Every structure is written in structure tokens, then in C-alpha cells.
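Input: a single structure, listed below in C-alpha cells.
The values are calculated or read from the model by the stated rules, or taken from the named source; none is laboratory data. Source: prediction; values computed, not measured. Reconstructed Cβ throughout: ideal geometry from the backbone, glycine too, with neighbour counts over all protein chains shown. Remember, those area values only see protein heavy atoms, side chains included, never the ligands or the DNA or RNA. Shrake-Rupley method; radii C 1.70, N 1.55, O 1.52, S 1.80 Å.
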Amino acid sequence: MPTPPRHTRLRGQKALVTGASSGIGSAVALHLAREGAAVAVNYAGNATAAEAVVADIVAAGGEAFAVRADVSKEDQVEAMFGQIIERFGTLDILINNAGLQQDAPFDQMTLAQWQRVIDVNLTGQFLCARAAIREFKRRGVVPEISCAAGKIVSISSVHEIIPWAGHVNYTASKGGVMLMNKSIAQEVSPWRIRVNAVAPGAIRTPINRSAWETPEAYESLMKLIPYKRIGEPLDIAGAVTWLVSDESDYVTGASLIIDGGMTLYPGFAEGG
Ligand code: BGC
């Protein structure tokens, strides 16, 4: 395959990024748009922030619109996909990013905390992937647009494999995302639909502010990161863009860990 010119790897493609009003989601939305994709910027509550992401994309010469939906609600997800198909005509790329934490010691965790995290992080990804795959199958491969009939990238976490005390609902959701994705990938590969995940470590976003905002917290975080810096949203966005481009056409069912070495058992650097 010849090397494509810069900034056009996704030309003509239509993308949805869930939870795109902040953090990793907004960086991914901007990055996809920079490569030529038209982007639906999903948000659950903060319309102003979502509109700011849209404005940034448009200011850079891209195409985008904001679309509200709580991804854990079937009717809202279906309505969101209806709006996107109406506006864009189809969908080529889904970035399943929306996610949250509601932390508590295990014996104090309420059913509501358990359920909300599973609903958004796992059921939300199921509902959006299902709606996307229906559209990908309906349309099939359009060779001028992409080798694949559709691409999904789920934003998982290093906690799809690293256990995390006090975050049992979160780790359960991410472990679920990991095997859900691989199973979907296996099932839909014959339709030329690719399903991958990115598993970020500690990335500087609002979800983990307490882990990086004071020098003491940052220093303590560095004990877990051999590469000795926190990740930035752009560290994730570049990889996501590659995973939905034709450059990665033979990659499916993968979980790409991007964590500065967090999963490398940092304690063993000096022990064992
Ligand atoms: C969590 C962050 C955490 C990181 C590394 C992410 O999935 O959302 O709060 O800093 O994993 O532990």
C-alpha cells in the first residue's frame, strides 16, 4: 500500500466518538477530524464542552456536530444513531469511549454505584457497538472509502488486566469490555469489520485528577510508571487513529496497551 499523504487517512469517513466532550474522547475526536473524518461528538451532560470540541474541529477546517445521549440507555443510543445516519448518511468508525468511575471500598459499594459503572462502561459499549455493526453490515465495504466495512475501537483500561482495590465495579466493567470486544471481533470479522481496543494507563484527564494534580500525588503515581511521566490524551489519540485507518487493516481483536510500562510489574525492577 503506498504511503498516504498526511492528514487524509480518514478522508470521506464518518465517525462517532462517545464521551467526546472531555479527556481522551475530545482528543480522539480532534485527531480523527484532522485526518479527514466527519465526527459526531457525543456527550451525556455538558453541551457547552461538546460544542467547544465541535468549534475546534470546524475552526481547523473539519466537520463535526454534537449529539446528546446517555450511552447506557437503549432508546437514547438508537435515537443518536438515527441522528447520525440522517446527518452523515452512514457510519464508518465508532470510538466507544464514554466511561466513568464511582469508587468505594468493596463492602461499602452500593448497588447503585456498581450498576451505574457497569451500565455506562460495559452496557454502553454493547449498545453502541451493536448499533454500529448493524449499520456496517447493512452498508458493507466501500473500497474507495476503506478496506473494511467498519471499525470499532473501544477505550478500555490497563484495569482490564490489573486488579484495583476500591474500584471493583470499574475493573469488572473493563475486564468485561476486553472479552466482549474480542468475542465481537471474532464474530464480525467475516464481514470485514474490525474491532480493537486501546487500554490506557494513567492519562492526564478529569477522571483521575487526584492522582496527578499535586506534586505528592504525581510522585506517588510515578512509582507505578517505569517511563516516569503521566500519559497525555494525545498519546492515546494517535494510536486510536491508526487503529481505525487502513494502515492497521490486518489488526482485529487486539487490546493495545498504552501505559508507559504500568503493566510491566514495576515492583520487579528492583525486586524478585
Ligand atoms: C483509570 C484512571 C487510572 C488509570 C491507571 C484508568 O482506567 O480511569 O483513574 O489513573 O486507569 O490506574
Subject >> Label-point separation, Phe106 to Asp56 (7 Å along Cα→Cβ), nm >> reply: 3.9 nm
Subject >> Candidate residues Leu256, Leu100: accessible-area rank, largest first, probe 1.4 Å >> reply: Leu256, Leu100
Original post:
Once Lys and Arg get +1 and Asp and Glu get -1 on their Cβ, which of Met180, Ala237, Ala64 lies farthest toward the positive end of the dipole of the range 14-260?
Top reply: Met180
Subject >> Accessible area of Tyr43 in the full protein assembly, 1.4 Å probe (Å², nearest 10) >> reply: 30 Å²
**OP:** State, to one decimal in nm, how far the label point of Tyr250 lies from the label point of Gln115, with both points 7 Å from Cα in the Cβ direction.
**Re:** 4.7 nm
**OP:** Calculate how steeply helix 168-188 sits against the longest principal axis of the alpha-carbon atoms of the chain, using the helix alpha-carbon long axis, and give the answer as 0 to 90 degrees to the nearest 10.
**Re:** 30 degrees
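Length gain on complete extension for the stretch Ala47 to Arg11, per 0.36 nm per residue less the alpha carbon to alpha carbon distance?
Using 0.36 nm per residue and subtracting the Cα-Cα distance, I get 10.3 nm.
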Original post:
Any idea of the accessible area per residue across the range 14-260, 1.4 Å probe, to the nearest Å²?
Top reply: 44 Å²
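What value, in deg cm²/dmol to 500, does the helix sum -39500 (n - 2.57) over DSSP H runs of n ≥ 4 give at 222 nm once divided by the residues of the chain?
-12500 deg cm²/dmol
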Original post:
At what distance in angstrom do the alpha carbon centres of the range 114-193 and the range 239-253 lie from each other?
Top reply: 14 Å
Original post:
Quick one: how many lysine pairs in the chain have C-alpha atoms under 29 angstrom apart, if they're 8 or more apart or on different chains?
Top reply: 17
Original post:
Ignoring any ligand, DNA or RNA, what whole percent of the accessible area of the chain comes from carbon and sulfur when the probe is 1.4 angstrom?
Top reply: 57 percent
**OP:** Could you order Trp114, Trp212, Trp191 so the one with the most accessible surface comes first? Probe is 1.4 Å.
**Re:** Trp191, Trp114, Trp212
**OP:** May I ask you to list the GluC sites (Glu not before Pro) in the range 169-220 that are in a DSSP loop and have at most 11 other Cβ atoms within 10 Å of their Cβ?
**Re:** Glu213
Original post:
Residues in the range 46-80 near a label at Arg138, defined as backbone nitrogen under 18 Å from the 7 Å Cα→Cβ point?
Top reply: 74-80
**OP:** About the Cα centre of the range 17-75, how large is the charge dipole given +1 on each Lys and Arg Cβ and -1 on each Asp and Glu Cβ? Please answer in debye to the nearest 20.
**Re:** 100 debye
Original post:
Using Cα atoms only, what is the angle between the long axis of helix 47-59 and the major principal axis of the chain, expressed in degrees (0 to 90) to the nearest 10?
Top reply: 60 degrees
Original post:
By how many degrees, between 0 and 90 and to the nearest 10, does the Cα long axis of helix 23-34 differ from the longest principal axis of the chain?
Top reply: 30 degrees
Subject >> Projected label distance in nm at Ala172 and Leu264, using a 7 Å step from Cα toward the beta-carbon >> reply: 3.3 nm
